[in-house]
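Q: Here it is: the structure, laid out below.
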Amino acid sequence: MRRVTSAPNLAVATLWADLLTHAGVDAVVQRAWTSSIAGEIPPDQALPEIWVRDDAQLDAARRLLDDLRRTPQRSWVCRGCGERVEGGFEQCWNCGAMMPR
């Protein structure tokens, strides 16, 4: 087993491990519950980690997570009110209009 990376919290670690698993990489979350002892140990040592079971899949796992982190954020201008909407939203937060196709 090899460590791929640490995650900021358990929810993100679980999502990343699931993404890797769905891509065919056998990944698991380690240190899932160590955040409860942060302060007893250094906080960066209490973060959950993503590990791959097969060492040969380490590079593929790192590439997949790097691609995920570099996903471009889209931005669009609402036709209803002219508000700029950023991120993954498909509906304007200001007026409720749907994103243009």
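Rule-based calculations on the coordinates, nothing more; no lab input. These numbers come from a predicted model, not from an experiment. Here Cβ is always computed from backbone atoms with ideal geometry, including for glycine, and neighbour counts include all displayed protein chains.
Q: Quick check for you: which residues of the range 49-78 have the amide N under 11 Å from the point 7 Å beyond the Cα of Ala97 toward its beta carbon?
A: Correct set: 77-78.
Q: What is the angle, in °, between the Cα long axis of helix 10-22 and the longest principal axis of the Cα atoms in the chain? Nearest 10 is fine, range 0 to 90.
A: Helix 10-22 and the main axis of the chain meet at about 90 degrees.
Q: A follow-up question, please. Of Ala32, Cys81, Leu58, which is farthest on the positive side of the dipole of the chain, counting Cα position, with +1 on Lys and Arg Cβ, -1 on Asp and Glu Cβ, and the Cα centre as origin?
A: With unit charges placed on the Cβ atoms, the residue in question is Cys81.
Q: Let me ask something else about it. Report the per residue volume, in Å³, of the convex hull enclosing the C-alpha atoms of the range 26-73. Don't skip to the answer; put the middle values down first.
A: On the way: hull volume 4.9 nm³, N = 48.
Each residue corresponds to 102 Å³ of Cα convex hull volume.
Q: Taking the Cα centre of the chain as the origin, how large is its charge dipole in debye, to the nearest 20, when only Lys and Arg (+1) and Asp and Glu (-1) carry charge on their Cβ atoms?
A: Working: 12 positive and 13 negative charges, 74 e Å.
The dipole of the chain has a size of about 360 debye.
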